[in-house]
Each structure stands twice: as structure tokens, then as C-alpha cells.
Amino acid sequence: MTSTDAQTQRTESPHGQSTAVFLGTGTSVGVPAIGCECAVCQSDDTRNKRLRCALLVYLPGGTLLIDTPPDLRTQLLREKVRLVHAVLYTHEHADHLFGLDDLRLFPFRLGHAMPLYCTTLVEQRIRHSFDYAFSTREQTHPGSRPQLEFETIDENPFQVLGATVTPIPMKHGPHFNVFGFRIGDFAYCTDTNFIPDSSIELLQGVRTFVVGALRHTTHPTHYSVSEAVEVSKRVGAEQVLLTHVCHDLDHQTTNDELPSGIDLAFDGLRVEFNAG
Ligand SMILES: [Zn+2]
Ligand SMILES: [Zn+2]
Ligand SMILES: [Zn+2]
């Protein structure tokens, strides 16, 4: 990686237009689920192959990664990603976090530690789960452990890579608070079963709304498809994309049934948006 390469990647979003790439759209165990012989898990439709959820966002100032799932290496290779400039966390569940070690190469190319934008709670969980990355013992060789630095976020909007990110407070089951994120006219709200009115307010005016929808039947910590459709109506976005999908939902069958303007996302899907 040369500085020219890094520069090239930075300019992939000309004229303030930005691009979001779905690295994964599957629920926590992925689709196909290990050992499952259901029709969706056995399907030949590539849109039914769902890695764990993450989003890559090409912003005017660099490449932002939202979450580091266990499939991260596979996802970054698939999308030919050369450099990530910063990482942003929705929450610390294993399916959004445990690919963190795959960030290890980027600090070499950046010339500094990888900035992780997250709440203090997520920081605590990362320090606990990846304690080797924070060891005070001298490294045996450069790059033997991830070089990370924390940028603490709360409910206030913040700047990253030339864009303003607005955290969207949401519930993920009865005891768990998580963030969705709005960047310009695009919002990414996975892993939730309740978006309060005050957060719906923050989503007014988005053109593309991404929201988690696990399956048709209800679940204690995720929206069902019909619940996600309902909340989407309150947001009023022109384009709605459902993510964090389990093997209950066949891509084509589900899309044929969804209202106009609402579709299942799929791995590799790219969406242009205005970062504002
Ligand atoms: Zn999840
Ligand atoms: Zn299955
Ligand atoms: Zn979760």
C-alpha cells in the first residue's frame, strides 16, 4: 500500500456523493446456518447467502467500516477493500465485533492506530474480549497485535472522515441500548426492536433507511418484517432496505410480497447517498 493507493481510495466518492456497501446482511449465525437443510440454506440464489452484518461507507474523507463481524476478512477481500480509515460500532454483540483482529494490517498503511468510534460500554467490552491488544508487554514483532485507539461517542452528532454522523438511540430487547447511525440522507439501523419517537424524529428526511428485520415471526430483540415495515412508514424514506435476515426469508419470495419501495438488502449491494 502506497500513499497513492490510499489517496485513490479516498477519492472514490467524488462530488460529496458517498457509497454504502453491504458487507453482510445475515443474522448472528449467518445464512446458510451450519448444518441446516432448509430450502433457503440450500438455495442457489446468491442473495440467500448472508454473512454477518457490517456496512462499508465510502465517505469524502475516507472509508468508514460499521462493525467488525466474524466474517470480516472474507467480506473485505470480496469487496477488494484496500484500506479502512475508521471503524464505528453499533453495539458489541459477538456477530458485530469478533472480526476485530482482521483490522491488524490497516495501521501499517495508515501510519497510526485504527480509530474505533464507540460508546464507553462498547470500549469496555472490546478491552475485555481483546485483552491481548492492550497488553503492556513489549510486542515480539510489529503487527503482532491490533493497534487500536478509542474515540468515545455518545448521543451527540460527531464528525468522522469529513461527514457528520448522528447516532440514533434504539432498543435491542428489553435491557440493551444500541445505536443506529444517520449520515446525510442515509440511515443504518440494524439490531433493534424499538425505535422511540425521539429517534424517529432524527430520521426525518432520510432518503434511504436500512433497518433490521429478522423473519416473519416476532422475536424478543429484533423487528419482524411487518414491524420493520410499520416503523419504515413512520420514517417515510423513499427507499427502505431490510437487513440482519435469518433463513426463514427467501430473498425473491419475500421481495415479491413486500410493499413497493421496501426490499431485502443482500451481500454486496451498493447504495449511493448524499453525506450532506
Ligand atoms: Zn446482530
Ligand atoms: Zn436453514
Ligand atoms: Zn445484536
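The values are calculated or read from the model by the stated rules, or taken from the named source; none is laboratory data. On a predicted model such as this, the values are computed, not experimentally measured, just so you know. Backbone-built Cβ (ideal geometry, glycine too); neighbour counts: all protein chains shown.
Can you say whether Leu76 is out of contact with any Cys (no Cβ under 9 Å at 6 or more places or on another chain), buried (at least 21 other Cβ atoms within 10 Å of the Cβ), assigned to a strand (DSSP E or B) and of a type in the set (A, V, I, L, M), as far as the supplied structure shows?
no
Can we say Gln139 is away from ligand 2 (no atom under 16 Å from the Cβ) and within 20 Å of Leu88 (Cα to Cα)?
No, not satisfied.
Looking only at region 174-193, decide whether some residue is surrounded by 14 or more Cβ atoms within 10 Å (Cβ to Cβ) and out of contact with any strand residue (DSSP E or B) (no Cβ under 9 Å at 6 or more places or on another chain).
The answer is yes, given that some residue of region 174-193 is surrounded by 14 or more Cβ atoms within 10 Å (Cβ to Cβ) and out of contact with any strand residue (DSSP E or B) (no Cβ under 9 Å at 6 or more places or on another chain).
Kindly indicate which of Tyr89, Tyr58 is modelled with pLDDT of 95 or more and either aliphatic (A, V, I, L, M) or within 16 Å of ligand 1 (Cβ to nearest atom) (or both).
After applying the criteria, what remains is Tyr89.
Step by step: first the residues of region 228-263, then only those that are crowded, with 19+ Cβ neighbours inside 10 Å and under 21 Å from Pro174 (Cβ atoms), then the one that is farthest from ligand 2 (Cβ to nearest atom). Which residue is that?
It comes out as Val231.
Determine whether Leu83 is out of contact with any Cys (no Cβ under 6 Å at 6 or more places or on another chain), part of a helix (DSSP H, G or I), modelled with pLDDT of 95 or more and not polar (S, T, N, Q).
No: the conditions fail for Leu83.
Would you check which residues across region 26-50 are of a type in the set (Gly, Ala, Ser) and over 18 Å from the mean Cα position of the chain (by Cα) and list them?
Ala33, Gly35, Ala39, Ser43
Is there any pair with a first residue in region 146-164 that is on the phi > 0 side of the Ramachandran plot and a second that is assigned to a strand (DSSP E or B) and at pLDDT 95 or above whose Cβ atoms are under 9 Å apart and which are 6 or more apart or on different chains, and what are they?
Hits for this filter: Leu161/Val57; Leu161/Leu59; Leu161/Gly62; Leu161/Thr63; Leu161/Leu64; Leu161/Ala86; Gly162/Leu59; Gly162/Gly62.
Under 6 Å between Cβ atoms, at least 6 apart or on separate chains: pull out the pairs that start in region 33-47 with a residue that is over 11 Å from His251 (Cβ atoms) and end on any residue that is among the small types (Gly, Ala, Ser) and away from ligand 3 (no atom under 16 Å from the Cβ).
Cys41/Ala33
Scan region 45-62 residue by residue and report those that are under 18 Å from Ile183 (Cα atoms) and surrounded by fewer than 24 Cβ atoms within 10 Å (Cβ to Cβ).
Residues satisfying the conditions are Leu56, Tyr58, Pro60, Gly61, Gly62.
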